[in-house]
Amino acid sequence: MRFLLDAEQREFARSLGAMLTAADTVTATRAWSAGDHAPGRAVWARLAEAGVFALPVPQEYDGVGPLPVETVVAFVELGRYAVPGPAIETVAAVALLARLAELGDAGPAKRFLPSLASGAVSATLTLPDGGPYALDADAAGLVLAVADGELRLAPGHARVRRSLDPARRLAAPLPGGELLATGPAVATAARHATDWAALATAAQALGVGCALLDRTVAYVKQRTQFGTRIGAFQAVKHRLADVLVRLEFARPLVFGAALTMAPRDIAAAKVTAGEAAYGAARAALQLHGAIGYTAEFDLSLWLTKARALRSAWGDPGVWRGKVLTEEA
């Protein structure tokens, strides 16, 4: 099996990278952390124009998918440029509603998927395997909650809490709300949505790790010590080589999981990409020295995101367990 992207997919990644570079995502992320969602929504609007949010949505609901590989391509770039907002949760909500439709309950899909595909609405949600908090519930247009075999449209959310990543704002959906679906199909759809969330998280973590490596390589080429650029030191070269190897090992696992959509493959991708990004963050922090510890330095946006994504939608231990127990 080959894991190389085709020419169209590579061009899609390049076009997203160029667009996000021009969009000044650093400013948008800092504003999002401060509670100002306007710059982040402007970035989302540009992503919607590029068709990013239509990728996981089935064609019968105004999407172009589901296209897991292309979705992964997009999320690697979202991680590379530290795009704020509940993008992973929006994909998970799409997967939840689409699977419910496949299982015979198409009402919620017809109601919500077209607006999610167009990017007019972002979504966040809580699932039984995802913890009690919904990401960016204060900014999302659609807040869903799955519990006790029921899918509900949450009537609101509790007080917003900050995570390790200031741009990730957490809140618990309020109980009650409109009942959208109930029964065994909800639990089945929730497991499917969790897999999509894990895959998107792995892709975003891979992009974060690549950004950390690129920024650190650029830094060690310009910082001098004892009259020599520190990038010339063997210890620094070996440290960065280790980071590169771990990221390049994670890459085929992430794209392979997108090809198969097998739960075990997704679990392996989630663990490997999360640990690779976290390792890249540790190396970047140390090799940047004192400035790496400052929130004012832009590197912090990726450092905190790598740590948060490592445990988002389940910590590494949970997903290692799934590698051992899930069917191939």
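A few comments on the model shown:
- Residue order, fewest to most surrounding Cβ atoms within 10 angstrom, among Met19, Met261: Met261, Met19
- Helix 68-80 axis, angle to the chain major axis (alpha carbon atoms, nearest 10°): 50 degrees
- From least to most packed, judged by other beta carbons within 10 angstrom and beginning with the fewest, His238, His157 follow the order His238, His157.
- Using just its DSSP H runs of length 4 or more, each adding -39500 (n - 2.57), the chain gives a mean residue ellipticity at 222 nm of -19500 deg cm²/dmol after division by all residues.
- Gain in span if fully extended, Arg41 to Thr294, counting 0.36 nm per residue against the direct Cα distance: 88.4 nm
- Among the trypsin sites (Lys or Arg not before Pro) found in region 116-182, those both in a DSSP coil and sparsely packed, with 12 or fewer other Cβ atoms within 10 Å of their Cβ, are Arg159.
- Expressed per residue, the C-alpha convex hull volume of region 169-253 stands at 139 Å³.
- Helix 263-287 vs. the chain, principal-axis angle (Cα, 0 to 90°, nearest 10): 30 degrees
- Euclidean distance between Cα centres, region 208-240 to region 57-92, Å: 32 Å
- The charge dipole of region 7-188, taken about its Cα centre with unit charges on the Cβ atoms of Lys, Arg (+1), Asp and Glu (-1) only, comes to about 500 debye.
- Tail fraction, Cα-Cα pairs, region 7-188, threshold 28 Å, whole percent: 22 percent
- For a straight C-alpha distance cut-off of 29 angstrom, the lysines reachable from Lys322 (same-chain residues fewer than eight places away being disregarded) are Lys270, Lys305.
- Length released on extending from Arg223 to Ala235, taking residue separation times 0.36 nm less the Cα-Cα span: 2.8 nm
- Charge dipole magnitude, Cβ of K and R +1, D and E -1 - region 120-171, Cα centre, debye nearest 20: 260 debye
- The Cα trace of region 197-325 gives Rg and Dmax of 15.6, 54 Å, the first to one decimal, the second as a whole number.
- The modelled label-to-label distance between Leu164 and Thr260, using points 7 Å beyond Cα along the C-beta direction, is 2.8 nm.
- Counting only alpha carbon atoms, the long axis of helix 38-49 and the longest principal axis of the chain meet at about 70°.
- Sparse packing (at most 14 other Cβ atoms within 10 Å of the Cβ) combined with a DSSP loop state is found for none of the GluC sites (Glu not before Pro) in region 16-104.
- Burial ordering of Ile230, Ile266, Ile88, Ile291, fewest other beta-carbon atoms within 10 Å first: Ile291, Ile230, Ile88, Ile266
Every read-out reported here was derived from the displayed coordinates using simple, explicitly stated rules and does not represent laboratory data. Everything quoted here is computed from the prediction, not taken from an experiment. Every residue, glycine as well, gets a Cβ built from its backbone with ideal geometry; the counts of neighbours run over all protein chains shown.
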